């Protein structure tokens, strides 16, 4: 419904209620426009449709990949989307990512925790709700600024300008974009996964990312000691997420199935199998076993059969079983195919380095079975990107017979190599990594899990060094405020960002000429008007 139509609709409603004195129809229309999304489910349905459209576009043209950055606070997510609209004029194909790692490290009442699902699981849906609270406030703030411009144009008699501004309201692009939310390994059994999934969807999540680790042994994907579960256990949790979406009417909800098998050498369970070659038997086929002869069986052990052989899976003192070395990629491929065949929409393969050929080798095998398989990929800060790509270039040059004698392979990270042809080629590969991986390795969505964890630490270190050092107040002014002003960072007017002008509008609606507004001539935010 257009701006004018909303005003007319509100006018009919207010006009029919004679006791609603002082209620302005245009103010009602404006408030409705500033609050288009009434519930988290409205958001989940809206953003799921966006992701589905983007997935279909990628299937037709793999250069149309999507991106996101991880968030640990609503304000961080808000500023990212404001930056997108400012720099690119659109939020198209850009999302937000909610990282379980950052929730554990920054949002737990226990204090900073490792990424092991020890944090309060309710903190995840609370963060989703917080993200969308800030994004919806951004809509209200930006639309409120347009409404003020409309009022000024009308007061000046500039009809053409007022009409132009009304058109910008009719074509307004919301700050509300998809959030891919990390549900870890489900925080318990399938029922626990279902209950948490519902909370996350009700808060606005349209996409849930779940991993195939044991819930009570869960580790960060880039640390050691990961333990996977048999496929039937993982599929039960995928189904739990799907039931949660369907129960809540988010029929287009997206499930991202993550496999940690590449770096996980352990399992807690022997998979249930009823026949040779079924999914349980395939899972067990990767176990590290030894053949057991007659009279070699021990009390309390688990034995499996392969053909006519009786085998003893190697069992550790921890009661875990280990997989054979070198089977990680094969297990990843099996995980991916099985997840997509049982209701997952997207895949996530956790790797130990950002290497396109490694990823593509697995994806190509998955696509032999499921041609439109698509990945979400973690462009992780756990990787040393500089070292990894300098090493890739060094190895490539060496394989091509190029002279690499000027480079010490043990010092590739050194500043001494900055500006060299090797470093420049490596940086170019980093710059084009997302595009190249989207085209070659089936990566639909690129994300950085923990970017603002690191940017907050870096910027705070720089500010503390300057402010508490010789620069004093200039350390803040020159390196923060002056840059905010010159780069047009909206937050330089922090009162406006926090909703002061929205509050003033409401005061005027509620009290008319008696409103005591904050945005008068003595408001110091006026110093930033230029």
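Every number here is computed from the coordinates shown, using simple stated rules; none is lab data. Just so we're clear, the structure is a prediction, and the values are computed from it rather than from any experiment. Ideal geometry is used to build each Cβ from the backbone, glycine not excepted, and the neighbour counts take in all protein chains shown.
Given an 8 Å cut-off on Cα distances and at least 6 residues of separation, report the relative contact order of the chain as a percent.
Numbers: 831 pairs, mean separation 77.9, N = 530.
Normalised by residue count, the contact order of the chain is 15 percent.
Does anyone have the angle between helix 421-431 and the longest principal axis of the chain? Alpha-carbon axes, 0 to 90°, nearest 10?
Taking Cα atoms only, the helix is inclined about 70 degrees.
For region 489-530, state the semi-axes of the equivalent ellipsoid (square roots of 5 times the eigenvalues of the alpha-carbon gyration tensor), sorted largest first and rounded to whole angstrom. If you can, show how the numbers build up before the last one.
Working: eigenvalues 88, 27, 7 Å².
Listed largest to smallest, the semi-axes of region 489-530 are 21, 12, 6 Å.
How high is the FRET efficiency between residue 527 and residue 118 when r is their beta carbon distance and R₀ equals 60 Å, given to the nearest 0.05?
Details: r = 47 Å, r/R0 = 0.78.
With R0 = 60 Å, the Cβ-Cβ based efficiency is 0.80.
In angstroms, what radius of gyration and Dmax does the chain have, counting Cα atoms only?
For the chain, the Cα radius of gyration and maximum Cα-Cα distance read 27.6, 100 Å.
How tilted is helix 385-399 with respect to the longest principal axis of the chain? Cα atoms for both, answer in degrees (0 to 90, nearest 10).
50 degrees
In whole Å and largest first, what semi-axes does the C-alpha gyration tensor of region 282-415 yield when each eigenvalue is scaled by 5 and square-rooted? Mind dumping the intermediate values first?
Working: eigenvalues 289, 104, 41 Å².
Working through the eigenvalues yields semi-axes of 38, 23, 14 Å.
Nearest 5 percent is fine: what portion of the DSSP beta bridges confined to the chain is antiparallel?
Numbers: 11 of 43 bridges.
Once the DSSP bridges in the chain are tallied, antiparallel ones form about 25 percent.
Please find the FRET efficiency linking residue 415 to residue 482, where r is the Cβ-Cβ separation and R0 is fixed at 25 Å, and quote it to the nearest 0.05.
Efficiency at R0 = 25 Å is approximately 0.30.
Can you show me the helix-derived [θ] at 222 nm for the chain, built from DSSP H runs with n ≥ 4 at -39,500 (n - 2.57) apiece and divided by the number of residues, rounded to the nearest 500. Working shown, then result.
Numbers: 20 runs with 251 residues, N = 530.
Estimated from H runs of four or more residues: -15000 deg cm²/dmol.
Kindly put 200, 362, 55 in sequence by how many other C-beta atoms sit within 10 Å of each C-beta, fewest to most. List each step's numbers first, then the result.
Values: 200 28, 362 24, 55 19.
Placing the least packed residue first, the sequence is 55, 362, 200.
Could you give the length gained on full extension between residue 64 and residue 318, defined as 0.36 nm per residue of separation minus the Cα-Cα distance, in nm?
Numbers: separation 254, 0.36 × 254 = 91.44 nm, distance 4.60 nm.
The span from residue 64 to residue 318 would gain 86.8 nm if fully extended.
Per residue, how much space in cubic angstrom lies within the convex hull of the C-alpha atoms of region 447-519?
Roughly 139 Å³ of hull volume per residue.
If I take all pairs of Cα atoms in region 190-282, what percentage of them are more than 18 Å from each other? Write down the numbers at each step before the final one.
Numbers: 2132 of 4278 pairs.
Considering region 190-282, 50 percent of its Cα-Cα pairs are separated by more than 18 Å.
Hey, what's the Cα Rg ratio for region 54-161 versus the globular rule of thumb, 2.2 N^0.38 Å?
Values: Rg = 19.0 Å, N = 108, 2.2 N^0.38 = 13.0 Å.
Relative to the 2.2 N^0.38 Å estimate, region 54-161 comes out at 1.46.
Largest first, please: the extent of the C-alpha atoms of region 31-78 along each principal axis, to the nearest Å.
If we take the Cα atoms of region 31-78, the spans are 39, 24, 17 Å.
How long is the gain from residue 298 to residue 361 if the chain were fully straight, where each residue apart is worth 0.36 nm and the alpha carbon distance is subtracted? Mind dumping the intermediate values first?
Details: separation 63, 0.36 × 63 = 22.68 nm, distance 4.12 nm.
Full-extension gain reported as 18.6 nm.
To the nearest 10 degrees, how steeply does helix 231-247 sit against the main Cα axis of the chain, on a 0 to 90 scale?
20 degrees
How would 522, 494, 446, 119 line up from fewest to most surrounding beta-carbon atoms within 10 angstrom?
Values: 522 7, 494 12, 446 21, 119 25.
Arranged by neighbour count, lowest to highest, 522, 494, 446, 119 become 522, 494, 446, 119.
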